[in-house]
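All of the numbers you see were taken from the coordinates with simple rules; none came from a lab. Bear in mind the structure is a predicted one, so any value in this text is a computation, not a measurement. Counting neighbours? That spans all protein chains shown, and the Cβs are built from the backbone with ideal geometry, glycine included.
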Amino acid sequence: MKYLTLKYRSTKKMKKCIICLKKKVINEFNEEHIFPEAIGGNLKIYDCCKLCNSKMGSKIDNELTNNEYIKIIRFLLKIKGKNGIINPFNTLLNSAFEGIKGKLIFEKSGKYSKFEIIQKTIIETENSLKIVCDSDNMEGMLKTINKKIAKSNQPPYTFEDLRKNTTSISHPKLNNIDIKINLENDNKALIYIIPELLKITYELGYYHFKEKYLKDPTSIAIRNAIEEIISGKLIIDMPTYIEIDGFNWKDIKRYNSYQFLIKNNKIICHLNILNFITARIVLSKNSNDYKLINENINESVF
């Protein structure tokens, strides 16, 4: 018996992911922001597969954009994310009344809305119950009261009963609110930012030098580190030289920028993130392999 083997070429367009290096169909790719969209980045590439893109978003981008420093800067500069302007003060704070805590609530535009009190039982005895709660959460208070009195076989409270036995406490509108926030120390915060610096540098290398950069020894080392990070592994050795200046609170701005410099046959990528983080990362140790002039490219944030 003879068998006929038919060979055919798929008509689906394929391309290679610059992270996992696997060839996949076009619809398995989506846009990747080199500087994260949450900090206003608008420079994009389209050569990361959806799976790698998603992993980099959760394991790398989120470490930067959800850093306590960066959240405050995003709020101060009114940089909108997918859900509006982030509220970095979404933690319990003490009010002017002793023992009462709440959260600062802001609108999506970043405008202050109110101080939302967290429900708390102040006094509870066999025959009495005193609760403080936000005026918009009377239903929650009613449930707590009825749960208490159900144990004594008394009829449940109604909203009318609640109104008769409730005292409203208001406070004057404050022009300024002082908030003390316990931020991480600089060194610890920097550790979580390094993966983002590596990712941005790698993607900028590809953005400018295309496929050729993927074969660069430094590029390979950075890519391997990125793959380890998004797989949940810790990188022990830095894949390339990184120098970070620390944090600058004095002159934060609504832009990200980068600059390629050549020094000792190395291509140095100088990064500026919101004028808060500045760093220099070796993108390649073989500048002669690339056609490059010293150039400064600023990316505005809107």
When 202, 157, 192, 46 are ranked with the fewest other C-beta atoms within 10 Å first, the list becomes 46, 192, 157, 202
Net +/- balance of residues flanking residue 289 in space, Cβ distance below 14 Å, scoring K and R +1, D and E -1: +4
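Can you work out the FRET efficiency for the pair residue 228 and residue 23, with r the C-beta to C-beta distance and R0 = 22 Å, to the nearest 0.05?
Using R0 = 22 Å, I get an efficiency of 0.50.
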For region 187-302: relative contact order, % (alpha-carbon pairs under 8 angstrom, 6 or more apart): 25
Once you put a point 7 Å from the Cα of residue 286 and another 7 Å from the Cα of residue 150, both along the Cβ direction, what distance in nm separates them? 7.3
Determine, for each peptide in 65-76, 145-156, the mean count of other beta carbons within 10 angstrom over its residues, then list the peptides with the highest first. 65-76, 145-156
With label points built 7 Å along Cα→Cβ from the Cα atoms of residue 83 and residue 278, find their separation and express it in nm. 3.4
Using Cβ contacts closer than 10 Å as the measure, can you line up 254, 280, 223 from fewest to most? 254, 280, 223
Karplus ³J(HN,Hα) for region 269-281 (6.51 cos²θ - 1.76 cosθ + 1.60, θ = phi - 60°; Hz, whole; x = Gly/Pro) runs 9, 8, 10, 10, 10, 6, 6, 10, 10, 10, 8, 10, 10
Given backbone amide H placed at 1.01 Å from N, residues whose amide H is under 5 Å from that of residue 268, ignoring those fewer than 5 places away on the same chain, are 261, 262, 263, 283
Taking the Cβ-Cβ separation of residue 43 and residue 160 as r and a Förster radius of 41 Å, what is the calculated FRET efficiency to the nearest 0.05? 0.10
Inter-label distance, nm, simple model (7 Å from Cα along the C-beta direction), residue 220/residue 254: 4.4
Round to the nearest 0.05 the FRET efficiency obtained for residue 244 and residue 16 when R0 = 30 Å and r is the Cβ-Cβ distance. 0.45
Distant-in-sequence amide H partners of residue 19 (H built 1.01 Å from N, under 5 Å): 49
What length, rounded to one decimal in nm, is gained on full extension from residue 62 through to residue 263, with 0.36 nm per residue of separation minus their alpha-carbon distance? 69.2 nm
